[in-house]
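What follows draws every value from the coordinates through simple rules; no lab data is involved. The shown structure was predicted, so the numbers you read here are calculated from the model rather than taken from an experiment. Positions of Cβ are generated from backbone atoms using ideal geometry, with glycine treated the same way; all protein chains shown enter the neighbour counts.
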Amino acid sequence: MRSRRAITAVALATVLALAAAACGSGRSDSSPDEVGGGTPTSAAGNESGMFGTLESPCGPGDATGATDQGVTDTEITIGYGDDAGFQSSPGLNHQMSDAMKAFIQWCNDQGGINGRKIKGNYHDAKILDVNNAMIDACRTDFFLIGQGFSLDASQEDTRRSCGLPSVAGYAVSPQFANAPLKWEPFPIPADYTNAAAALWFLEEHPDKADKIASMFANYSATLDSRDKVESAWTDLGFGFLPCPQQYNIGGESDWKPFVQKLKDCGAEIVYFVGSPYPNFQNVLTAADQVGFRPMWYVDANFYDESFRDWNVNGFADNVYIRESYTPLEEADSNPATQQYLDIMAEYGGDVNQLGEQSASAFLLWATAAKACGSNLTRQCVTDELNTITEWDGGGLHAPANPAENLPSECGMVLKLQGTTFVRVSPSEPNTYTCDPRIAAPVTGAALERARLDADRIAQLG
């Protein structure tokens, strides 16, 4: 029998997995608490003064004045962080902080923002210590940038009380996803979901639309994801079969009864909610054993290096993944993706899509901060952020609307073919399918649990 600690580790890692698309990589040896000094050798990949299609927000200038918390004549102190210190999963989502450290140094190497150099304070939430991390950030930081904390609902009383603004790498809970003083470069708020894969299934496999079932754990994050997809996809024309399969988030001793029930029910598409390993790998193995070979739909967290490398037997060849970031494999056709990789290679750190999310968050914040000139206050940056209604991180991802916390109307579908991720739709590299229906509104239980007011702000308590 699994220990409570082991089950908790799986559950909390699943929260993270559902929040962000990741492709795994090994951890760097270096993780200082502060960055921003040093003497980098070059402004990697910035000879043109651009990041992809975005004019670099970094450079020299004559900004002066101690204008707000964390701002002096010469320096801007921001916070960033992850859950890397969680003992049951060391290094968890560390690629986000790796990206922040690299991009802070990349920016400082160009002169900072209007001449003020950036100092970064690292906050390790260790999953369960997120409120303590937020207390520390509230004491010192101008903004919190590019972070990813798995239990971010637990920080919100503290963060809102101290008025600390955040441009996050991702948000998990409705309390943070629809919070005040919070922006994301690629929002997925509580009241919408991305339905790019739904439209593809309807177009390519309309005969399967009423033969879809869901498989999920009895856990808040998986329930929210399940409810959002079932709500939005039903409105688009899908009919979910009356045989949902609920599993133990800590794993099952035998997965064959679950997949056999889905087979007997006639499911030809299965939406699996959770993490790619070990649970889904075990599900796919069991499905092969009972001769059940549906089309599987999964969220963007399955764009994962370890999951890809596991598929040597082809059990995952019928797994379809929604995506909104240009795959790293297409860097040669997308300058922003290649530049992200170049910056990380120059300054050090591991790469994956979590890191790209933090990089886009940093660029979004820095673009707003640059516009404020010497008058660098939280209010000024907030006002600037609230004017940015279209953002793609210089080409890292599909366009979205940070100012209004609205999701993208664009997306793509990937699948596994052996140990390679391949595009399904659209077929051309570095392209997306765009349709207003992709930003699909959510109704029902998931929206009710979000407790949004008339301004779409999640209520606490």
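Quick look at the numbers
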item	result
Alpha-carbon Debye profile of region 145-248, log10 I(q)/I(0) at 0.10, 0.17 Å⁻¹	-0.38, -0.86
Sequence of 176, 292, 302 once ranked by neighbouring C-beta atoms within 10 Å, starting from the fewest	292, 176, 302
Potential extension, residue 210-residue 157 segment - 0.36 nm per residue separation minus Cα distance	14.8 nm
Given charges at beta-carbon only (K, R positive; D, E negative), |dipole| of the chain in Debye	1140
Backbone HN-Hα couplings from phi across region 70-75 [Karplus 6.51/-1.76/1.60, Hz, Gly and Pro as x]	x, 10, 10, 4, 10, 8
Charge dipole (debye, nearest 20) of region 320-461; +1 at Cβ of Lys and Arg, -1 at Cβ of Asp and Glu	420
Acute angle (nearest 10 degrees) that the helix 335-347 long axis makes with the longest principal axis of the chain, alpha-carbon atoms	60
Relative contact order %, region 45-136, counting alpha carbon pairs below 8 Å whose residues are six or more apart	34
Proximal aspartates and glutamates to residue 119, defined as alpha-carbon separation beneath 16 angstrom and excluding residues fewer than eight positions away on the same chain	33, 34, 68, 73, 75, 98, 109, 136, 141
Inter-centroid distance (Cα atoms) of region 165-233 relative to region 262-309, Å	18
Ranked packing of 396-404, 239-247, most packed first, by mean Cβ within 10 Å	396-404, 239-247
Cα-centred dipole magnitude for region 408-461, charges only on beta-carbon of K, R (+1) and D, E (-1), debye, nearest 20	200
Amide H contacts under 5 Å for residue 271, placed H, 5+ residues apart	213, 214, 215, 297
Cα long-axis angle, helix 130-140 against the chain (0 to 90 degrees, to the nearest 10)	20
Residue 386 versus residue 246: modelled label distance in nm, points set 7 Å from Cα along the beta carbon direction	4.2
Listed residue pairs exceeding 32 Å between alpha carbons, taken from 182/228; 126/228; 126/261; 228/256; 117/182	126/261
Length released on extending from residue 419 to residue 288, taking residue separation times 0.36 nm less the Cα-Cα span	45.4 nm
Base-10 log of normalised Debye intensity for the chain (one unit scatterer per alpha-carbon) at q = 0.06, 0.09, 0.14 Å⁻¹	-0.24, -0.55, -1.34
Percent RCO, i.e. relative contact order, over region 184-287, from Cα pairs under 8 Å lying at least 6 residues apart	33
Region 393-398 - phi-based ³J(HN,Hα) in whole Hz, Karplus 6.51/-1.76/1.60, Gly and Pro as x	x, x, x, 5, 8, 5
Neighbour-count order for 154, 166, fewest beta carbons within 10 angstrom listed first	154, 166
Degrees separating the helix 256-265 axis from the principal Cα axis of the chain, which is the longest one	70
3J(HN,Hα) from dihedral phi, region 148-165, Karplus parametrisation 6.51/-1.76/1.60, rounded to Hz, x for glycine, proline	x, 10, 4, 9, 6, 4, 6, 8, 5, 4, 5, 5, 5, 5, 8, x, 7, x
Proxy reagent accessibility, fewest Cβ within 10 Å first, across 89, 427, 214	427, 89, 214
The chain, relative contact order [Cα under 8 Å, separation at least 6], %	22
